[in-house]
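In what follows, a structure is listed as C-alpha cells, so that the remarks can point back to it.
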Amino acid sequence: MFRSLHMKLVLIMVLLIVSLMTVVGAFLMNSVVGFYMNEFYSQMRTAFSEDNIDFVRDLSTPTDQEEDGAEMISQVLGAYMGTLGVDSRSRNYYVLDGVTGKYLAGSDDEGGENLHITPNITAALMGEMGDESDVTADYMDVAIPIQRGESRYIVYILDNRQTVLSLNEELFALILQALVLGLLISVLLSFLLSKTMITPIERLTAAAQRVAHGDFSRKIQVSSKDEIGVLTENFNSMAHQLESTIADVENERNKLNTLFLYMTDGVVAFSSDGTVIHANPAAREMLARDIGPDTGYDDLFAAIAPMADVQEAGGSSLQGELETGGRILELQLAPFDQDSHTGGVLVVIHDVTTQRRNEEMRREFVANVSHELRTPLTNIRSYAETLADGGSDLPPHTARSFLNVILNESDRMTHIVQDLLTLSRFDSGYSQLNLTWFSFAQAVEDSYQAVLMEAQRHGHTLSLDLQADLPPIRADRERVLQVMMNILSNAIKYTPDGGTIRISAGRQGQRVWMEVDDNGIGIPAADRPRIFERFYRVDKARSRESGGTGLGLSIAKEIVDRHEGVLRLVDKKAPGLTVRLELLIQGPRERGQSHGA
Ligand code: ADP
C-alpha cells in the first residue's frame, strides 16, 4: 500500500498544505496586528484633531475655580470613552503631569502602577504630540500634551494589545483546525489521485518486467491521453519493435547456425580468452577430435600461430596448414573484432587433401605421359639413325628387323595416344555411352571366343562357366566388351604359359557379374589399391614387353564407373588374380530415374 510513489505524493501534499497554511497564517496574523495598530492610531488622531472641537476644548479649558485639573481631564476622557475606544481592560487613559510625567489620574484600577516612560511620553513632555507607533513593542500608545490653564498635563492612551492578541490566538486555533482538516483532505485526495496516476505506471512496470522476460504477447491498454497515456503508447510500439527486431536477430542466428551446420568448411570461433564459443560438425570431423567448451585455442592451433598474433592481424588474416589424421587442412585465422586487439578469433578450415592428391596425380600423369612417349621415340630415332648412317652397308635382314622395331614402336605410340584420347574424352565428358539392350551371356561368350586362340597359344586352359538364364542388360555393348577383353588379355599376359584361366558369370539381384580368375603372377598387396591408376604397372618392363600401356585397367574402370557398375579385385590367396565386373541390368540411372533394389 505504501509504495514509495504513494508516499512521495502524500508527503508532497502534506508539505504543500503545511507550507501554504504557515504562509497564510503568518500573513493573516501579521495583517491583523497591522490593521489593529493602524486603526488605533487613526482613531487617536481623529479624536485629538482640531476637528473634534468640543473634546479638545473640554480638555484644555479649565472650569472656574478648578482645584484638580487632572481629575477634570479624567472626567472629560471618561465621557469620551466610546470615541477613544477605552474599555478599562485592554485600553486605558491616563492623565500625567505635563512636566514630570507623573501619574495623576486614569481609568485603570491599579492607579497607573505599571506605567513607565515611553518614547511617546517623552515626546509629549517636550510639548509634542507623541503618536509614533513601535511595531516591536507589545503595546500601543499616544501621549498628547494638554495646556489647561496654567497647568500642563499629558493625556496618555495605552493599549496593551490584549484584544489583538486574543484575536490572533483565535485565528491561530482556526488556522490549526484548517490545517488538520486540510491535511486530512490532502492525504485522502493524494491517495485517490495517486491511484489514478500510479495504476497505469504499475501496469507499465509489470509489462516492462514481462518484456524483460521475453514475453511480448500482451499489449497494455491505453486508457488516457495524458503523458502516461503517451508513454504507454510509446512503450507498446517499442515492445512491438523489439519483438520484431528479436525475431529478425533470431532468424539471422538460425540462418547462420544452419549455414555453419551444413557448410563443408570447418569453422571454430574462440572468445577473447581463447575458449571455444562455436565449432561446426565439419570442423570436428576435419580435426578428428571432439571440440567442447573446455577446448582452448592453444590445444588446436598453437602450432600455427599464437592467438595474440591473430588478434593483432587487424583487417587481414593469417594462413597456415595443418596435417592431421591423414588430411591436409588449410587454415585461415582472423580476429572478428577488428577494432580492439583483445577480441575473439575465427578459424576457417578447408580440407585440401583431395585437391593436393589430384595435383600430385596430375604431375605424376604428365611425367608418365612424357616418359611413355619418350621411350618409343628414342628407340625410333636411334634405329632410324642407324639405318640412315649404315645405309646399304647393313645386311638386309638386320635393316628389316630395325624397320620392324620402328613400326612396332610407332604402333605402341599410337596405342598410347589412342588410350590417352579415350581417357581424356571420358574426363571431359564428351564420350557418350551408346546404351542398348543385349545379352550379357552372349557378350561374355564373345569375349571368351575372341581370346581363346591367344590363350591356347600360351598353353593356358581357358574355361567358361555361365549361369543359366542370364538376363539381357542395358549398356554400351562395345565398351563392355572392351572391359572384358582387357581383363581377359591381362589374365593371359600375366599368367605364365600353361596356366589356368576361369571365366564365370552370373546374376545377383539387379546386377550381373563376371569374374576372371587366373593362377598367374598376381599382384602384391601393396600394389593392389593403385592398380586402377593411370600408367600404374607392377612390373613396367614386363608390361611393356607384352605391349601394355598401363592404361587398360584405368580405361576399363572409367567405363564401368560410367555404367555405375563395379570393377574390383577379389580377395584371394596366391597364386594369381581374380578380377570381378558387376553391371546393373537396367543400365546406368538416367537423371530422376531409380531402380528397385
Ligand atoms: P597393362 O597395359 O600394363 O596391362 P593394365 O592397366 O591393363 O596395363 O594393367 C595394369 C597393371 O596391372 C599391369 O601392368 C600388371 O602389372 C597388373 N595386372 C593386370 N592384370 C593382371 C593379372 N591378371 N595378373 C597380374 N597382374 C596384373
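The values are calculated or read from the model by the stated rules, or taken from the named source; none is laboratory data. For clarity, every value in this text was computed on a predicted model and none was experimentally measured. Positions of Cβ are backbone-derived with ideal geometry, glycine not excepted, and every protein chain shown enters the neighbour counts. These accessible areas exclude ligands, DNA and RNA; they are computed on the full protein's heavy atoms, side chains included. Shrake-Rupley method; radii C 1.70, N 1.55, O 1.52, S 1.80 Å.
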Whole-Å distance linking the alpha carbon centroid of region 43-68 with that of region 1-42 is 46 Å
Normalised per residue, the volume inside the convex hull of the alpha-carbon atoms of the chain in Å³ amounts to 369 Å³
Relative contact order in percent for the chain (Cα pairs under 8 Å, 6+ apart) equals 7 percent
In order over region 433-448: 3J(HN,Hα) from phi, Karplus 6.51/-1.76/1.60, θ = phi - 60°, whole Hz, x for each Gly or Pro, gives 7, 9, 7, 9, 8, 8, 7, 5, 4, 5, 4, 5, 4, 4, 5, 4
Once the in-chain neighbours fewer than 8 apart are removed, the lysines whose Cα is under 23 Å from Lys225 read Lys195
Phi angles of region 490-501, converted by Karplus (6.51 cos²θ - 1.76 cosθ + 1.60, θ = phi - 60°) into ³J(HN,Hα) in whole Hz with x for Gly and Pro, give 4, 4, 5, 5, 9, 10, x, 3, x, x, 10, 10
The helix 4-47 Cα axis meets the longest alpha-carbon principal axis of the chain at an angle in degrees, between 0 and 90 and rounded to 10, of 20 degrees
If every Lys and Arg gets +1 and every Asp and Glu gets -1 at its Cβ, then about the Cα centre the chain yields a dipole, in debye to the nearest 20, of 6520 debye
Most packed first (mean Cβ within 10 Å per residue), the peptides 226-232, 71-77 order as 71-77, 226-232
Along the dipole axis of region 260-300 (charges at Cβ: +1 for Lys and Arg, -1 for Asp and Glu; origin at the Cα centre), the most positive-end residue among Pro281, Leu300, Tyr262 is Tyr262
Contact order relative to length for region 135-254, counting C-alpha pairs under 8 Å separated by 6 or more residues, stands in percent at 13 percent
Per the charge dipole of region 258-413 (beta-carbon charges, Lys/Arg positive, Asp/Glu negative, Cα centre), the residue among Asn358, Ser410, Leu373 reaching farthest to the positive end is Ser410
Among Leu20, Phe55, Asn30, the residue whose Cα sits farthest towards the positive end of the charge dipole of region 1-76 (+1 at Cβ of Lys and Arg, -1 at Cβ of Asp and Glu, taken about the Cα centre) is Leu20
Expected sort for 270-279, 382-391, 577-586 on mean C-beta neighbours within 10 Å, highest first, is 577-586, 270-279, 382-391
The extension gain from Phe27 to Gln209, computed as 0.36 nm times the residue separation minus the Cα-Cα distance, is 60.5 nm
With all protein chains present and a 1.4 Å probe, the order of His563, His371 from largest accessible area down is His371, His563
Rounded to the angstrom and largest first, Cα extents along the principal axes for region 436-571 equal 41, 31, 26
Phi-derived 3J(HN,Hα) across region 135-140 with the Karplus relation (6.51, -1.76, 1.60, θ = phi - 60°), rounded Hz, x for Gly and Pro, is 5, 6, 6, 9, 8, 10
For the chain, longest principal axis from Cα atoms; helix 227-262 axis from its Cα atoms; angle between them, nearest 10 degrees, is 20 degrees
In cubic angstrom per residue, the convex hull of region 1-127 built on its Cα atoms measures 174 Å³
To the nearest 10 degrees, the tilt of helix 353-390 (Cα long axis) against the first principal axis of the alpha carbons of the chain is 30 degrees
